[in-house]
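Below is one structure; the comments refer to it alone.
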Amino acid sequence: DAEVEQLRDHILDLGVDPNLKVSAMQAAAAVEMLGRNGLDTSQILAGAARNTILLQNATGSDFAQAADIATDVMALFNIQAANMETAVDGITSVVNNSKFDITDYQYALAQAGGVASTSGVSFDDLNTTIAAIAPYFSDGSSAGAGFKTMLQRLSAPTAEMKQVMSELNLVTADGTNAFYDAEGNMRSMSEISRALHTQLSGLTEQQRTQALATLFGARAVNAAAGLM
């Protein structure tokens, strides 16, 4: 009963917040969806509900979709409810600075989010990468799938891939490579992007195409080309 009273008061506060475009009924629907997705009362009150509404306002999604994206991001990248406003800024930047809309973003996150988070890719790097490679894909789902496949191939390179990495000086003197450091942690996307650009830019178009195809395969070659 005490939690219900807290939620009721929070919903009413959201409905009259001058910085939000939401009715109390819409706020209640967002809170319900967050609860269905597994958030507890403390998380909802700590910022999840407000930031879900901010995400909807900023991207033009519906409230259920915004709640789904918010809870997925929190779970995948271990983001606390109180810190979700920064995450909302990141999501909004992808939508505002690429051809992808919020639905494309949702599908890209669904495809690549799990592998990215377990590979050590930060949420900021995920957003930057999705925006950067958007021109190379028709929709968010294919972009996310391409990025996911790229990460998977880098984590388990074949003998042929290792040979190409060596030929392109993507393997460093200490035996590590341009994609993972000595401790086995994935380098940042900016470091990977810089390495690809530096080592592949001097090749002919045919050589570059062959190198990218060998390293990343047909499903991920566009993602790698976008990063390069």
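The values are calculated or read from the model by the stated rules, or taken from the named source; none is laboratory data. Owing to the predicted nature of the structure, the values given are computational and were not obtained by experimental measurement. All Cβ positions, glycine included, derive from the backbone under ideal geometry; neighbour counts span all protein chains shown. Surface areas here come from the heavy atoms of the whole protein model, side chains and all, with no ligands, DNA or RNA. Shrake-Rupley method; radii C 1.70, N 1.55, O 1.52, S 1.80 Å.
Scanning the stretch 206-223 for residues that are under 21 Å from the mean Cα position of the chain (by Cα) and open to solvent by 60 Å² or more (accessible area, probe 1.4 Å), which turns out modelled with the lowest pLDDT?
Checking each candidate, the answer is R219.
Only one of these is in contact with an Asp or Glu (Cβ under 7 Å, 6 or more places away or on another chain) and aliphatic (A, V, I, L, M): V95, V16. Name it. Being in contact with an Asp or Glu (Cβ under 7 Å, 6 or more places away or on another chain) and aliphatic (A, V, I, L, M) holds for just one of V95, V16, which is V95. Each residue in the stretch 25-50 was checked for being surrounded by fewer than 23 Cβ atoms within 10 Å (Cβ to Cβ) and either touching a Phe, Trp or Tyr at 6+ places or on another chain (Cβ under 6 Å) or of a type outside the set (A, V, I, L, M) (or both), and 12 pass. Looking across the stretch 53-97, the residues that are open to solvent by 50 Å² or more (accessible area, probe 1.4 Å), in contact (Cβ under 8 Å) with a residue 40 or more places away in the chain and assigned to a helix (DSSP H, G or I) come down to D72, L76. Do we find that R187 is of a type in the set (D, E, K, R), closer than 22 Å to I133 by Cα and in contact with a helix residue (DSSP H, G or I) (Cβ under 6 Å, 6 or more places away or on another chain) in this structure? Answer is no for this residue. Reported count of residues in the stretch 1-21, each being outside any helix (DSSP H, G or I) and either closer than 21 Å to D72 by Cβ or open to solvent by 80 Å² or more (accessible area, probe 1.4 Å) (or both), is 4.
What number of residues in the stretch 158-177 are at pLDDT 90 or above and either within 21 Å of the chain's Cα centre (by Cα) or over 27 Å from P135 (Cβ atoms) (or both)? Residues that pass the stated criteria total 8. Note on the stretch 17-43: residues that are among the aliphatic types (A, V, I, L, M) and either in contact with a His (Cβ under 7 Å, 6 or more places away or on another chain) or farther than 19 Å from E85 by Cα (or both) total 4. Close contacts from the stretch 212-228, counting a first residue that is at positive phi and a second that is buried (at least 20 other Cβ atoms within 10 Å of the Cβ) and assigned to a helix (DSSP H, G or I), with Cβ to Cβ under 7 Å and a gap of 6+ residues or different chains, come to G217/T149.
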